[in-house]
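Novice: I'd like to ask you about the structure that follows.
The values are calculated or read from the model by the stated rules, or taken from the named source; none is laboratory data. Worth saying up front: this structure is predicted, and the values here are computed from it rather than measured. Using ideal geometry, Cβ is built from the backbone for each residue, glycine included, and neighbour counts are taken over all protein chains shown.
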């Protein structure tokens, strides 16, 4: 067995030890922090096991530690932990490949599998608690405004009018969505969610999405080029958020992405057709 591969695993175990300690220090949930520190201690045991095999000291990967600290701060503990656990498939294959020479590796593998089970049990992230509010604002903005902007583009073919109209409608709609988010959260009466926070997440997700969608109309002169870029931005937003949710909640990226993309683009195509019809019937020229 290649000692260098074992040494790399040894280094990863030490690095993971410090990552779990970092994440434990970031969470405000005492039970979560306790479990993360226990897992960190177990990772250190694994490090010493591999050290006895290689006879070498290892230095933790500071860049990897910083990476997961930033991921947790930016996207939440759930995302960071799920992203980290994706590597366990590769690690599992490694343990199987050396188990004949080092049977103890199977025990380490079992420990890693238990890590995943315990982590799934502790994931309590406020960002995911309000994921529903974000999805509400994001989805509504994407579905409504891809269609609205597509329809306005053909009806008026004037970027300044389309962009300005879209922005005004977006601000008004975001306030409406924030109010809806507040009332929906209050109606749910869930202790873990705050109606005001839900309203802020819903409204913010909506207006930020709208700003990204109307931006091409203020930067470009060709309305149909602006429409094309707006649709590309729509796909980018859907892909980014779907990836986040698929990692954080361990769900299928492809299924969720295709569903959201088809809905948003489908509405855009229908609205574009309505815009063509209106322009033709009423003879609108701007």
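Novice: Mind telling me which of the residues 44, 36 ends up being crowded, with 19+ Cβ neighbours inside 10 Å and in the same structural domain as residue 15 (by TED's automatic domain parsing)?
Specialist: On the way: 44 fails: crowded, with 19+ Cβ neighbours inside 10 Å.
Only one candidate qualifies: 36.
Novice: Within the range 13-21, is there a residue that is surrounded by fewer than 18 Cβ atoms within 10 Å (Cβ to Cβ) and either on the phi < 0 side of the Ramachandran plot or without any contact (Cβ under 8 Å) to a residue 60 or more places away in the chain (or both)?
Specialist: Residues of the range 13-21 surrounded by fewer than 18 Cβ atoms within 10 Å (Cβ to Cβ): none.
Checked against the condition, which is being surrounded by fewer than 18 Cβ atoms within 10 Å (Cβ to Cβ) and either on the phi < 0 side of the Ramachandran plot or without any contact (Cβ under 8 Å) to a residue 60 or more places away in the chain (or both), the range 13-21 yields no hits at all.
Novice: Do we have residue 65 as at pLDDT 75 or above, assigned by TED's automatic domain parsing to the domain that holds residue 11, over 16 Å from residue 249 (Cβ atoms) and part of a helix (DSSP H, G or I) here? Talk me through it step by step, then tell me what you get.
Specialist: Working: at pLDDT 75 or above: yes; assigned by TED's automatic domain parsing to the domain that holds residue 11: yes; over 16 Å from residue 249 (Cβ atoms): yes; part of a helix (DSSP H, G or I): yes.
Yes, satisfied.
Novice: Checking the condition at pLDDT 75 or above, more than 19 Å from residue 245 (Cα to Cα), assigned by TED's automatic domain parsing to the domain that holds residue 240 and surrounded by fewer than 21 Cβ atoms within 10 Å (Cβ to Cβ), which residue from 168, 162 passes? Before you say what the answer is, go through the steps one by one.
Specialist: Working: 162 fails: surrounded by fewer than 21 Cβ atoms within 10 Å (Cβ to Cβ).
Criteria check complete, one pass: 168.
Novice: Mind checking which pairs have a first residue in the range 248-262 that is outside the structural domain of residue 81 (by TED's automatic domain parsing) and a second that is buried (at least 16 other Cβ atoms within 10 Å of the Cβ) and assigned to a loop (DSSP other than H, G, I, E, B), Cβ under 7 Å, 6 or more apart or different chains?
Specialist: Short answer, once both residue conditions are applied: 248/76.
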